[in-house]
Structures are given as structure tokens and as C-alpha cells.
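Worksheet: one structure, shown below.
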Amino acid sequence: MHEYSLAMDLMESVLTTAEDNNAKIVNRISVKVGRIAHVNPMQLEFCLKSIGEGTIAENASYSFEYIDPEIKCACGYFGKPDETEDDLDMLEYLVSLICPLCGKNVEVIGGTELVVDSIDID
């Protein structure tokens, strides 16, 4: 489960930021997850809660927002791929994706992120 190592990094960032701002408690942590980041938000939340035990983030709540993939082409095209039914289909789609303008392969430039978006502290 690679979510545990990702959660370790995220929690370290959260706690460092909270301590730098003299927080006594972390109330809420908002995380942005790219739709093609290969991260399961439910597993990530479980790991974050486990790692947060005994810290000022012990009782924090979590919210997750998905970031859609974005693509670009050497011809100048920039945009989002067509919608698919689920993330697995999205991955298969992106592997074979071609530019809607020129027909060449595109570069995926967004949708793989995993970032702490905001931290609510007291």
C-alpha cells in the first residue's frame, strides 16, 4: 500500500505548517488528488488518521477533491481529455490519446498531483 508513504509525507507537511503557525490543533485537512495519481483517497485517509494519532492532527477531518487530467500537444493544443466512465478507463484512454487537432501523441501535464490544499487550524 503506497498510500502509507504518501500519507507520511503529507502529514509531515501538515504538522510542520501547523507548528510553524503556532497551532494547537488541526481541525481539517483538504487534499487535492489527481484522477490519474494512482491514489485511493479512502486508503489515504485511513493512513493519515493512523499517522495523526497522538499529534495535534489526531481529530482532524479530511476532504478530498479530484483534479482532472490535462493534456498538451506540440501543435499547441491544450485541454482536458474526453470524459470516461471511471478512472481505469481514463488510464487506458490516456495511454493511447492523440491530439484532436493534429493526430499526434499528447503529453499528460495534469491530473497526477497529490497536494495538501488547505489546513484549518486553531
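Provide a single number: the residues in segment 4-29 that are more than 27 Å from Asp68 (Cβ to Cβ) and assigned to a helix (DSSP H, G or I).
Number of matching residues: 6.
Looking only at strands (runs of 3 or more DSSP E) that lie completely in segment 30-122, which have at least 3 residues being of a type outside the set (D, E, K, R) and modelled with pLDDT of 95 or more?
Counting at least 3 such residues, we get 61-67, 114-121.
Kindly indicate the residue of segment 5-16 that is in contact with a strand residue (DSSP E or B) (Cβ under 9 Å, 6 or more places away or on another chain) and surrounded by 15 or more Cβ atoms within 10 Å (Cβ to Cβ) and also farthest from Ile121 (Cα to Cα) among those meeting that condition.
Of everything passing the filter in segment 5-16, Leu6 is farthest from Ile121 (Cα to Cα).
May I ask you to list the residues in segment 60-74 that are surrounded by 12 or more Cβ atoms within 10 Å (Cβ to Cβ) and either out of contact with any Phe, Trp or Tyr (no Cβ under 9 Å at 6 or more places or on another chain) or of a type outside the set (A, V, I, L, M) (or both)?
Ala60, Ser61, Tyr62, Ser63, Phe64, Tyr66, Ile67, Asp68, Pro69, Glu70, Lys72, Cys73
Can you list residue pairs whose Cβ atoms sit under 7 Å apart, with the first residue in segment 13-26 being modelled with pLDDT of 95 or more and the second being not aliphatic (A, V, I, L, M)? Count only pairs 6 or more apart in sequence or on different chains.
Leu15/Thr55; Ala23/Asp122; Lys24/Asp122; Ile25/Asp122
If a residue must be within 19 Å of Ser118 (Cα to Cα), under 16 Å from the mean Cα position of the chain (by Cα) and of a type in the set (Val, Ile, Thr), how many such residues does segment 1-50 contain?
Residues meeting the conditions: 5.
The values are calculated or read from the model by the stated rules, or taken from the named source; none is laboratory data. Only a predicted model underlies this, so the values are computations on that prediction, with no experimental measurement involved. Don't worry about glycine lacking a Cβ; one is built from the backbone with ideal geometry, like all the others, and counts go over all protein chains shown.
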